[in-house]
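Worksheet for the structure shown next.
The values are calculated or read from the model by the stated rules, or taken from the named source; none is laboratory data. Keep in mind the model is a prediction, meaning the values are calculated, not measured. We place every Cβ from the backbone using ideal geometry, glycine too, and count neighbours over all the protein chains shown. Keep in mind that these areas ignore ligands, DNA and RNA; they rest on the heavy atoms of the full protein, side chains included. Shrake-Rupley method; radii C 1.70, N 1.55, O 1.52, S 1.80 Å.
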Amino acid sequence: MKKTLEINELMDFYSDLLTKRQQAVMKMYYQFDYSLNEIADNLGISKQAVSENIQRATRGLLEFEDLLGLLDKRKNQMREKEVMLESLTKISLLTEDKAILEEVNKLINRIKKEGGFYGI
């Protein structure tokens, strides 16, 4: 399950860097939970070819992440976001100044709405 989640996350960032065949195989295998035989039948290739495509694509996704680190950056941004939200929430609970509270609430809503800091 953990591997499937990781591969799907990597696919979100790097699937366009794979071949069309690799994209199709990975999507069927990891997103739609097709068996190797089902994929082979759908694409008219051997089960061995499906397996090789999955292995090559997985290696490629991991290499792209090693080189570019987009998924790791996204995870770090999400952790930073959670820390900021916790800090702002604490401030909002501690202050009685309405102007400060209003600004803190604007920041909280903005962070929640934007999702990430750099649009990733």
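Structure above, values below:
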{"quantity": "Candidate residues MET84, MET1, MET78: accessible-area rank, largest first, probe 1.4 Å", "calculated": "MET1, MET84, MET78"}
{"quantity": "Mean Cα-pair separation over length for the chain, i.e. relative contact order, pairs under 8 Å, 6 or more apart, %", "calculated": "22 percent"}
{"quantity": "Charge dipole (debye, nearest 20) of the chain; +1 at Cβ of Lys and Arg, -1 at Cβ of Asp and Glu", "calculated": "140 debye"}
{"quantity": "The stretch 19-120: Cα Rg divided by the 2.2 N^0.38 Å rule of thumb", "calculated": "1.74"}
{"quantity": "Using distinct alpha-carbon pairs, which all enter the 1/r mean, Kirkwood radius of the stretch 1-42 in Å", "calculated": "10.5 Å"}
{"quantity": "ASP72 accessible area, assembled protein chains, probe 1.4 Å, Å²", "calculated": "80 Å²"}
{"quantity": "Low-density loop positions, chymotrypsin sites (Phe, Trp or Tyr not before Pro), the stretch 23-118 - DSSP coil, at most 13 other Cβ in 10 Å", "calculated": "PHE32, TYR118"}
{"quantity": "Farthest positive-ward along the stretch 44-101 dipole, Cα basis, beta-carbon charges - from GLN48, LEU88, LEU68", "calculated": "GLN48"}
{"quantity": "Electrostatic dipole magnitude of the stretch 49-106 [Cβ: Lys, Arg +1; Asp, Glu -1; Cα centre; debye, to 20]", "calculated": "160 debye"}
